[in-house]
Amino acid sequence: MKLQKETSTHGKWYDDACGAAFALELIGERWSALVMREMMFGPRRFTDLRAGLPSISAKVLTARLEGLEQSGLVRRRQLAPPAASQVYELTPLGQSADGLLLEMCRWSFAMPGWDRSLPTSSAALMLSMRALFDADAAAGLAVEGTIRIAGDTFRVSVADSRFKVERSEDGDARFVISAPSTGPLRRLVYGKVAPEDLSGFGLSVTGDESLALQFIDLFHLPKPVL
């Protein structure tokens, strides 16, 4: 007999009152958590979500969005003119899953078998940077910068040993790091490859480059668990 998921009734999928089981009922279905990841830094249009998750079909994305809406984790909103686009965004309840996704990132990065060569979205890169931020190394540093990845622009800031990132053009950027995809940025942030050695891949750093490199040095991948 095939197990049927009923997202509107507690406990009908796993038949288990454990809070972890219920959390998995809400976001454990394939793609659901990644759809939420794409909205962690601001509202997204349907086409933006497809671009961030190129392997998902329109049909599956529509189904996951409907399920997340029914669970109260995602809502739709119409932007004011001239944009007048429909966007999807996390509700306060959906945003509260932020810490869960961060901890999943931290836990998985040290696991053997992780293929770091696979492509990833700009939101995924920003989430990984939040997960791997070294607060101790940031003591005394205060800076605002901009990271541009293709059509995505993020404002990043460090103050009081805290790292913040959001989709925005606002802010007093001391440096701007630009790249056509996440690949060169991952090599810069986690491989510590010099910017000049990545220029052939479309990466550029403008503004205060020394401050940008100081910022980049706040993020390090953990060693894999043997």
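The values are calculated or read from the model by the stated rules, or taken from the named source; none is laboratory data. In this text, all values refer to a predicted model and were calculated from it rather than measured experimentally. All Cβ positions, even for glycine, are placed from backbone atoms using ideal geometry, and neighbour counts span all protein chains on display. Just so you know, the surface numbers come from the protein's heavy atoms only, side chains and all, with ligands and any DNA or RNA stripped out. Shrake-Rupley method; radii C 1.70, N 1.55, O 1.52, S 1.80 Å.
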The chain - accessible surface per residue (Å², probe 1.4 Å): 55
Between the modelled labels at ALA139 and GLU103 (7 Å from Cα along Cα→Cβ) the distance in nm is 2.7
Magnitude of the Cβ-charge dipole of the range 163-226, K/R +1 and D/E -1, about the Cα centre, nearest 20 debye? 400
State the percentage of accessible surface on the chain attributable to carbon and sulfur atoms; use a 1.4 Å probe and exclude ligands, DNA and RNA. 54
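At most 15 other Cβ atoms within 10 Å and a DSSP loop assignment: could you name the chymotrypsin sites (Phe, Trp or Tyr not before Pro) in the range 78-171 that fit? Numbers along the way, then the final one.
Working: sites: TYR88, TRP107, PHE109, TRP114, PHE133, PHE154, PHE163; in loops: TRP114.
Within the range 78-171, the qualifying chymotrypsin sites (Phe, Trp or Tyr not before Pro) (loop, at most 15 other Cβ atoms within 10 Å) are TRP114.
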If you take the charge dipole of the range 116-214 about its Cα centre, with +1 on Lys and Arg Cβ and -1 on Asp and Glu Cβ, which of SER157, LEU211, LEU188 is farthest toward its positive end? LEU188
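At 0.36 nm per residue, and after removing the present C-alpha to C-alpha distance, how many nm does the segment from GLU166 to THR62 gain when stretched out fully? Working shown, then result.
Values: separation 104, 0.36 × 104 = 37.44 nm, distance 2.49 nm.
The span from GLU166 to THR62 would gain 34.9 nm if fully extended.
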By how many nm would the segment from GLN86 to ARG116 lengthen if fully extended, with 0.36 nm per residue of separation less the alpha-carbon distance? 7.4 nm
Neighbourhood net charge (15 Å Cβ-Cβ; Lys/Arg +1, Asp/Glu -1) for TYR190: +3
The helix 98-109 Cα axis meets the longest alpha-carbon principal axis of the chain at an angle in degrees, between 0 and 90 and rounded to 10, of 70
Only Lys, Arg, Asp and Glu count, each charged at its Cβ (+1, +1, -1, -1), so figure out the dipole size of the range 74-226 about its Cα centre, rounded to 20 debye. 520
Starting at the first residue of the range 202-215, write each ³J(HN,Hα) from the Karplus equation 6.51 cos²θ - 1.76 cosθ + 1.60 with θ = phi - 60°, in whole Hz, x for Gly and Pro. x, 7, 9, 10, 10, x, 7, 5, 4, 5, 4, 5, 5, 5
Phi-based couplings in Hz for the range 29-34 (Karplus 6.51, -1.76, 1.60; Gly and Pro marked x): 5, 3, 5, 4, 5, 6
